[in-house]
Amino acid sequence: MNERLWQLYETVCQDEYRPLNELIDRLLASEWGRFSKEDVLQLLRELEGQVLSNVQAKASESPWYAQMAYEVAERTHQEFADLVARVERAYDDA
């Protein structure tokens, strides 16, 4: 995992409460310099894994969360798939 990318994620998404797609937009615009496609994709894979893990943890906490877990996991997977596709297109076009 690229430590600088992780720090940017923490600053932009956690500290400043900006959405992940905004971070990706800014990364693709090279606001903080250029990062490799693989580093950006690795960040997205790590974040998706954490979100899905959190969904499963919540599902185990209550039946209400459990009923929604599949739908939330599917939506999460689609959102990350869309971000991955954007990153891949951006690097392929560069």
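The values are calculated or read from the model by the stated rules, or taken from the named source; none is laboratory data. Just so you know, these numbers come straight off a predicted model, no measurement behind them. Glycine gets a Cβ as well: all are built from the backbone with ideal geometry, and neighbour counts include every protein chain shown.
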Of the candidates Glu79, Glu16, the one satisfying the condition of being surrounded by fewer than 16 Cβ atoms within 10 Å (Cβ to Cβ) and either aromatic (Phe, Trp, Tyr) or closer than 22 Å to Asp93 by Cβ (or both) is Glu79
Kindly indicate whether any position in the range 27-36 is at pLDDT 95 or above, of a type in the set (Asp, Glu) and within 16 Å of Val84 (Cβ to Cβ). no
Does the range 7-39 hold any residues that are β-branched (Val, Ile, Thr) and under 21 Å from Ala73 (Cα atoms), and which are they? Ile24
Can you pull out the residues in the range 82-94 that are of a type in the set (Lys, Arg) and surrounded by 14 or more Cβ atoms within 10 Å (Cβ to Cβ)? Arg86
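For the range 47-71, give me each residue that is within 26 Å of Leu27 (Cα to Cα) and surrounded by 14 or more Cβ atoms within 10 Å (Cβ to Cβ).
Of the residues in the range 47-71, the ones within 26 Å of Leu27 (Cα to Cα) are 47-54.
Leu47, Glu48, Val51, Leu52 - these are the residues of the range 47-71 that are within 26 Å of Leu27 (Cα to Cα) and surrounded by 14 or more Cβ atoms within 10 Å (Cβ to Cβ).
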Is there a residue in the range 83-91 that is free of Cβ contacts under 8 Å to residues at least 40 places away in the same chain and acidic (Asp, Glu)? no
